[in-house]
Amino acid sequence: MAEIGLLIMELVYFTMGLIAILTTLKHWKMNKNRMLLAALIYVVAVLFRSTIDIAIYSFDLDIDIKVAGGITIGMILGFILFTIQLEFMFYLKNLPKLYTLPLFCSFYLAIGRVLVDSPMPFIIYAMIVSYGSSYFLIKDGRKSRNGLAIGMGLFFFIWGLGQLFQAEIVFISFRIVAMLALLLGTKGFYEKYVFVNVEEEQKIMGTWIAKLVVKE
């Protein structure tokens, strides 16, 4: 019964991600923005992992099988996802010299996991990638009034918070909230309702005051 609940939650997560992909793809076709393309590739990777989770809940698959040392199939998928996430950040920052860094980080952390059966290096790596990415994206998003950057930043931050909890249902709940934040970013929610257009407000206020003066 619990597996059915987790499956339903994962399907909700996947559906929201699919809508985000379709919306982002539509915008990218119109303006060919590099951030839209990078976000599109990343969300596709996220949903690929989600399809695996759906299969796990549907057919009771086990991805905690150890491949070598402390390395499991689930951890390999995690390394792949974090590698793509770092590549996403370096692409947005236009830092081609750092494109190979995520590959080296994941490789050496994987070797370390084989030699030393401790999850802490992986957890620390995941937190640095998630929170570091969220910080830069939210900061840049606020500066440039880019709702998609805000949405991606919130996605990384909330998803990273979910990693701190061992209970699977709590983690999936955080993932759903994270995907909702991203979906709102693709829909222009933050530009419309969060970012305050100071110049426009001053213009409206000036017009309102002018009308009051005329009436008097």
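Determine whether ILE150 is assigned to a helix (DSSP H, G or I), of a type in the set (Val, Ile, Thr), at pLDDT 85 or above and more than 18 Å from the chain's Cα centre (by Cα).
Values: assigned to a helix (DSSP H, G or I): yes; of a type in the set (Val, Ile, Thr): yes; at pLDDT 85 or above: yes; more than 18 Å from the chain's Cα centre (by Cα): no.
No.
Is it the case that some residue within the range 19-28 is among the polar types (S, T, N, Q) and either within 17 Å of MET179 (Cβ to Cβ) or in contact with a Lys or Arg (Cβ under 8 Å, 6 or more places away or on another chain) (or both)?
Restricting attention to the range 19-28, the residues satisfying the condition of being among the polar types (S, T, N, Q) are 23-24.
Applying the additional criterion that residues be either within 17 Å of MET179 (Cβ to Cβ) or in contact with a Lys or Arg (Cβ under 8 Å, 6 or more places away or on another chain) (or both) yields 23-24.
Checking the range 19-28: at least one residue is among the polar types (S, T, N, Q) and either within 17 Å of MET179 (Cβ to Cβ) or in contact with a Lys or Arg (Cβ under 8 Å, 6 or more places away or on another chain) (or both).
Restricting to the range 166-186, give me the number of residues that are within 27 Å of LYS26 (Cα to Cα) and either at pLDDT below 85 or more than 15 Å from the chain's Cα centre (by Cα) (or both).
Residues that pass the stated criteria total 0.
Against the conditions (1) at pLDDT 85 or above; (2) farther than 22 Å from SER130 by Cα, where does LEU109 fall short? Just the number, please.
Answer for LEU109: the failing condition is (2).
Among the residues of the range 20-55, count how many are in contact with a Ser or Thr (Cβ under 8 Å, 6 or more places away or on another chain) and in contact (Cβ under 8 Å) with a residue 24 or more places away in the chain.
Step one: filter the range 20-55 for residues in contact with a Ser or Thr (Cβ under 8 Å, 6 or more places away or on another chain), giving 20, 23-24, 27, 36, 39-40, 43.
Those left that are additionally in contact (Cβ under 8 Å) with a residue 24 or more places away in the chain: 20, 23-24, 27, 36, 39, 43.
Total satisfying the criteria: 7.
For (1) among the β-branched types (Val, Ile, Thr); (2) farther than 19 Å from LEU40 by Cα; (3) touching a residue at least 24 places away in the same chain (Cβ under 8 Å), each residue gets a yes or a no:
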| residue | (1), (2), (3) |
| --- | --- |
| ASN94 | no, no, no |
| TYR99 | no, no, no |
| CYS105 | no, yes, no |
| LEU109 | no, yes, yes |
| VAL114 | yes, yes, yes |
| LYS139 | no, yes, no |
| PHE156 | no, no, yes |
| TYR193 | no, yes, no |
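Tell me whether the range 30-43 contains one or more residues that are under 19 Å from GLY153 (Cα atoms), among the β-branched types (Val, Ile, Thr) and either touching a Phe, Trp or Tyr at 6+ places or on another chain (Cβ under 8 Å) or outside any loop (DSSP other than H, G, I, E, B) (or both).
yes
The values are calculated or read from the model by the stated rules, or taken from the named source; none is laboratory data. What you are looking at is a predicted structure, and each value in this text was computed from that prediction instead of being measured. Positions of Cβ are generated from backbone atoms using ideal geometry, with glycine treated the same way; all protein chains shown enter the neighbour counts.
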